[in-house]
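I'd like to ask some things about the structure below.
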Amino acid sequence: GAGVSQSPRYKVAKRGQDVALRCDPISGHVSLFWYQQALGQGPEFLTYFQNEAQLDKSGLPSDRFFAERPEGSVSTLKIQRTQQEDSAVYLCASSLVYDRNYGYTFGSGTRLTVV
Amino acid sequence: TQLLEQSPQFLSIQEGENLTVYCNSSSVFSSLQWYRQEPGEGPVLLVTVVTGGEVKKLKRLTFQFGDARKDSSLHITAAQPGDTGLYLCAGEKEYGNKLVFGAGTILRVKS
């Protein structure tokens with residue numbers, strides 16, 4: 001596709017429910033990042049893939065968070081037993097071959113609300 | 001603790017006024033990127049500054065990277081209502097690696 005596509009756009013989950021958030025990066029993009037953006041804050045790094053390899057998961061806040069990219073394209077961020085503090089916008093970003101002058105292309109995000 | 005401090009947090013100005021947004025850190029970055037984010041959308045890259053002391057211009061926007069590569073500023077001349085949005089600075093510690101974002105500056109330009 002022309003851009004990074006994320007689905008669903010909005011998700012309301014009851015506390016304790018598991019959720020799965022999907023990211024379709026631009027075709028052929030090698031690098032893929034997940035960020036969490038709380039209300040009124042800047043995005044915070046969660047995890048990074050290069051192709052199917054998860055090279056950095058140091059930003060995942062707890063073991064309830066899990067991300068995968070099994071075939072090096074689509075990625076899924078899974079949150080188990082959601083808590084209210086998980087409410088945020090989850091952003092996915094990708095790049096072909098990283099060039100800092102072009103940065104990353106971000107998706108529009110998934111807004112997760114845990115009630 | 002925010003590694004990158006942005007100020008001001010919120011700015012409301014009249015069309016035609018000038019403004020400056022600051023991004024400060026005690027850490028050195030290999031580059032500093034500025035993004036603009038509109039409600040319901042992801043951040044969009046405006047510019048990347050790499051060299052200490054570098055100045056880049058993008059129409060009415062001027063970006064500067066501090067000599068020590070710890071701070072940056074964004075200056076907008078003659079602001080327009082279309083400039084309204086959330087401005088984010090993001091530091092890159094290592095090339096091609098994760099970005100560290102500031103909390104952002106919400107700019108509102110009134111006509």
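The values are calculated or read from the model by the stated rules, or taken from the named source; none is laboratory data. Since this is a predicted model, take the numbers as computed values, not measurements. Here the Cβ positions follow ideal geometry from the backbone for every residue, glycine too, while neighbour counts run over all protein chains shown. The area values use the complete protein model at the heavy-atom level, side chains included, leaving out ligands, DNA and RNA. Shrake-Rupley method; radii C 1.70, N 1.55, O 1.52, S 1.80 Å.
Ballpark to the nearest 100 Å², how much total accessible area do A and B bury together, probe 1.4 Å?
Between A and B, the summed buried area is about 1800 Å².
Once you charge only the Cβ atoms, +1 for Lys and Arg and -1 for Asp and Glu, what is the size of the charge dipole of the range B:5-110 about its Cα centre, to the nearest 20 debye?
The calculation lands at about 120 debye.
Now for a different question. In sequence order, what are the phi-derived ³J(HN,Hα) couplings for the range A:68-75 according to the Karplus relation 6.51 cos²θ - 1.76 cosθ + 1.60 with θ = phi - 60°, rounded to whole Hz, with x for glycine and proline?
Computed from phi, the couplings for the range A:68-75 are 9, 8, x, 10, x, 10, 4, 10 Hz.
Out of A:76, A:55, B:75, whose Cα points farthest toward the positive end of the dipole of the protein assembly as shown (charges: +1 Lys, Arg; -1 Asp, Glu; placed on Cβ)?
About the Cα centre, the residue reaching furthest to the positive side is A:76.
Taking amide H atoms as placed 1.01 Å from N in the peptide plane, list the residues 5 or more away in sequence, or in a different chain, whose amide H sits under 5 Å from that of residue A:46.
Amide H neighbours of residue A:46, under 5 Å, 5+ apart: A:34, A:35, A:36.
Can you classify chain B as rounded, prolate or oblate using the Cα gyration tensor, where a ≥ b ≥ c are the square roots of its eigenvalues, rounded means a/c under 1.5, and otherwise it's prolate if a/b beats b/c and oblate if not?
prolate
Related question: Please calculate how many Å² of accessible area the range A:1-82 carries per residue, with a 1.4 Å probe and no DNA, RNA or ligand atoms counted.
Numbers: 4300 Å² over 82 residues.
I get 52 Å² per residue for the range A:1-82.
Now for a different question. Pick out which of A:63, A:18, A:86 has the largest mean-square fluctuation in a Gaussian network model of chain A, springs linking Cα atoms closer than 10 Å.
A:63
Related question: To the nearest 20 debye, what is the magnitude of the charge dipole of the protein assembly as shown about its Cα centre, counting +1 on the Cβ of each Lys and Arg and -1 on the Cβ of each Asp and Glu?
Dipole of the protein assembly as shown, to the nearest 20 debye: 380 debye.
Now, a different point. For chain A, what's the relative contact order in percent, using C-alpha pairs closer than 8 Å and at least 6 residues apart?
37
Quick one: pull the percent of accessible area on chain B belonging to carbon and sulfur, 1.4 Å probe, ligands and nucleic acids left out.
50
Just give the residues from the range A:41-55 buried by at least 50 square angstrom of accessible area in the all-chains context relative to the isolated chain, probe 1.4 Å, and say none if nothing qualifies.
When all protein chains are present, A:43 each give up 50 Å² or more of accessible surface.
Moving on. Efficiency by 1/(1 + (r/R0)^6): what FRET value for residue A:101 and residue B:24, r their Cβ-Cβ distance, R0 = 22 Å, to the nearest 0.05? Numbers along the way, then the final one.
Numbers: r = 23 Å, r/R0 = 1.05.
The computed FRET efficiency comes out at 0.40.
With viscosity set to 1.567 mPa s at 4 °C, what whole-number translational diffusion coefficient in µm²/s follows for the protein assembly as shown from Stokes-Einstein and a Kirkwood radius over Cα pairs?
This corresponds to a translational diffusion coefficient of 72 µm²/s.
In addition: Counting only heavy atoms of protein chains, what accessible area per residue, in Å², does the range B:5-110 have with a probe of 1.4 Å?
On a per-residue basis, the range B:5-110 sits at 45 Å².
Another question, then. Based on Cβ point charges of +1 for Lys and Arg and -1 for Asp and Glu, what charge dipole magnitude is obtained for the range A:5-114 about its Cα centre, in debye rounded to the nearest 20?
In total the dipole reaches around 420 debye.
In addition: Specify the inter-centroid distance of the range A:66-88 and the range B:55-105, based on alpha-carbon positions, in whole Å.
Their Cα centres are 29 Å away from one another.
Let me confirm one metric for peptide B:35-44, namely the mean number of other chain beta-carbon atoms within 10 Å of its residues' beta-carbons.
Other-chain Cβ atoms within 10 Å of each residue's Cβ, averaged: 5.
What is the spin-label model distance, in nm, from residue A:76 to residue A:27 if the labels are put 7 Å beyond Cα along the C-beta direction?
Label-label distance for residue A:76 and residue A:27, simple model: 2.3 nm.
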